[in-house]
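Student: Here it is, the structure in full.
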Amino acid sequence: MTETEETGVVAGTTDESAAPLLRVRGLVRHFPITKGLLKRQVGAVQAVDGIDFEVRPGETLGVVGESGCGKSTMGRLITRLDEPTGGTIEFEGRDITHLPPGKLRPMRRDVQMIFQDPYGSLNPRHTIGGIVGTPFRLQGVEPEGGLKKEVQRLLELVGLSPEHYNRYPHEFSGGQRQRIGIARALALKPKLVVADEPVSALDVSIQAQVVNLMDDLQDELGLTYVIIAHDLSVIRHVSDRIAVMYLGKIVELADRKSLYEAPMHPYTKALLSAVPVPDPKRRTQRDRILLKGDVPSPIDPPSGCRFRTRCWKATEVCATTEPPLVALRTGHEVACHHPENAPDGARDDEPAKTA
Ligand SMILES: Nc1ncnc2c1ncn2[C@@H]1O[C@H](COP(=O)(O)OP(=O)(O)OP(=O)(O)O)[C@@H](O)[C@H]1O
Ligand code: SF4
Ligand SMILES: [Mg+2]
């Protein structure tokens, strides 16, 4: 548990020796592209293409990367809202990769998702009480003291008033709606909460409030989080570890401190350079790296390292050989032939003259 100098926000308590809550191995999700009446498969969107990671009980794992890199697909796979085309997912040591819907029901209580869009994810025709009470009805759970009382307790827990019970979603602001989404996700006391860009649709002034609420709830309820974001600014203070994704792959995975202080993947370095530094004295320390070009298509990703078309350190080997994700330091994994802040993995190769 650490406290940052800048915000005083305390990250979740992690037991590093405990068995992982979630273990993902070689996870793949390819969306087939079909053509013609016979729906012949002519290709695939490689949305998630072989990723490995673990989530430890009590921690917050932040997942970042540009639009389209596969973050939401990964979130939907680990909550089993979608089915992987390859690899395995274990929750509490149990293989849930291909569990049929009927057998997923107990796991649905333990794993919940918070969505990006606080407008679209709440049914406008249902009252707040109805929305937050839905998980109880779906799972056939009768809370002690009755449903209404429990829903009102949840509303208070997320900073809303019990009197909001009979109101409708349109009567609330974006931040309040996201609080309703959080109350619904927490109704059945889940173990793992996967939050897909929980604050990106909100006003910047509200974002910190909602993130801090999630952080407080984690301490109070012993939750484990996977929080997805497209940049590092929002989740940097609450993540214990951070996974950086690029075109369907994890390119770097490290605890927050080593990722910020000594990023090893050039892509991470570029992402970090875009995060505003609040302290003007430290502002000069980081030069802004502007990535050239767009993210390539996940239908036909570059050979070797997928980042090579935008990387200023790319060499021959980067085009021919895919760099595996390996630990170059304890708890710091990176997939790069010429990492930053570490000895070069392909020293006999001269850097290209481009960039
Ligand atoms: N159901 C689907 N069918 C076909 N392609 C899909 C489907 N869902 C996602 N994709 C594609 O998979 C890739 C990854 O999408 P995903 O939504 O996981 O990215 P993301 O990192 O969450 O992006 P964003 O930051 O925009 O939310 C994208 O190219 C997307 O177009
Ligand atoms: S493997 Fe090569 S192209 Fe990929 S990030 Fe490292 S240096 Fe850049
Ligand atoms: Mg997404």
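Values in this text are rule-based calculations from the coordinates and carry no lab data. Predicted model, so just to flag it, every value in this text is computed and none were measured. Cβ atoms come from the backbone with ideal geometry, glycine included; neighbour counts cover every protein chain shown.
Student: Eight or more residues apart or on different chains, and alpha-carbon atoms under 21 Å: count the Lys pairs in segment 187-318 matching that.
Tutor: Within segment 187-318, the lysine pair count is 9.
Student: Before rounding to the nearest 500, sum -39500 (n - 2.57) across all DSSP H runs of length at least 4 in the chain and divide by the residue total; then give [θ] at 222 nm in deg cm²/dmol.
Tutor: -7500 deg cm²/dmol
Student: Provide the gained length on full extension for the span ASN341 to ALA208, in nm with one decimal, where the gain is 0.36 nm per separating residue minus the Cα-Cα distance.
Tutor: Contour length minus the Cα-Cα distance gives 44.8 nm.
Student: Quick one: compute the contact order of the chain, relative version, from alpha carbon pairs under 8 angstrom and 6+ residues apart, as a percent.
Tutor: 18
Student: How far is it, in nm, from the label point at LEU104 to the one at ARG25 when both lie 7 Å from their Cα along the line to the Cβ?
Tutor: Placing both labels 7 Å along Cα→Cβ, they lie 2.2 nm apart.
Student: Also: Can you tell me what share of the DSSP beta bridges in the chain is antiparallel? A percent to the nearest 5 is fine.
Tutor: Close to 65 percent.
Student: Using Cα pairs closer than 8 Å and at least 6 residues apart in sequence, work out the relative contact order for segment 78-171, in percent.
Tutor: Computed over segment 78-171, the figure is 24 percent.
Student: Please state, to two decimals, what the Cα-based radius of gyration of segment 85-139 comes to when divided by 2.2 N^0.38 Å (N = residues).
Tutor: 1.43
Student: Something else now. Contact order normalised by length for segment 141-196, with contacts defined as Cα pairs under 8 Å and 6 or more residues apart; what percent is it?
Tutor: Value for segment 141-196: 31 percent.
Student: Using only the Cα atoms, work out Rg/Rh for segment 52-177, with Rh taken as the Kirkwood radius, to two decimals.
Tutor: Taking Rg over the Kirkwood Rh, I get 1.00.
Student: Another question about this same structure. Starting from the Kirkwood Rh over alpha-carbon pairs, what translational D in µm² s⁻¹ does the chain have by Stokes-Einstein at 10 °C and 1.306 mPa s?
Tutor: 73
Student: Assuming R0 = 51 Å, what is the FRET efficiency of TYR260 and LEU38, from their Cβ-Cβ distance, to the nearest 0.05?
Tutor: About 0.50, to the nearest 0.05.
Student: Give, as a single signed number, the net charge of other residues whose beta carbon lies under 10 Å from the beta carbon of ASP117, with Lys and Arg counted +1 and Asp and Glu -1.
Tutor: Overall, the nearby charge balance is -1.
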